[in-house]
Amino acid sequence: MRTKNAKPITAAERAHLALVKQSPCSVCSRPAPSAAHHIKQGDHWTTVALCDDCHQGSFNGLHGQKRMWTVMKMEELDALSVTIRNVLQLTNRGTL
């Protein structure tokens, strides 16, 4: 949900978010669709593709105990790197 002071999302940002959501989870590799977790609030370019459990799960999730993140030895920047590779693979397949 956007705050009232948030700047409008550009067409390029919207397209990027759509690709992130079409990517598998960057932590557990669960197939798409994924949620787009923003590393920095309001920055739509630094979003990570996460399944519901790895995102908001109370046990495994980033906003919970981060158990899956610990098992996979990942931080947000590691997951961002995986997301970037997955988005590039999607664009190279001509899905844009």
Among (1) at pLDDT below 95; (2) open to solvent by 90 Å² or more (accessible area, probe 1.4 Å); (3) over 21 Å from Lys73 (Cβ atoms), Gln56 falls short only on (3)
Within the stretch 62-96, restricting to residues that are in contact with a Phe, Trp or Tyr (Cβ under 8 Å, 6 or more places away or on another chain) and assigned to a loop (DSSP other than H, G, I, E, B), the one that is least open to solvent (accessible area, probe 1.4 Å) is Leu62
Picked from the stretch 11-43 (must be at pLDDT 95 or above and more than 24 Å from Met68 (Cα to Cα)), the residue surrounded by the most Cβ atoms within 10 Å (Cβ to Cβ) is His16
Practice item. State whether one or more residues within the stretch 40-61 are of a type in the set (Val, Ile, Thr) and either on the phi > 0 side of the Ramachandran plot or in a loop (DSSP other than H, G, I, E, B) (or both). Key: yes
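The values are calculated or read from the model by the stated rules, or taken from the named source; none is laboratory data. Remember, predicted model here, so these are calculated numbers, not experimental data. Heads up, the Cβs are rebuilt from the backbone with ideal geometry, glycines too, and the neighbour counts pull from every protein chain shown. The area values use the complete protein model at the heavy-atom level, side chains included, leaving out ligands, DNA and RNA. Shrake-Rupley method; radii C 1.70, N 1.55, O 1.52, S 1.80 Å.
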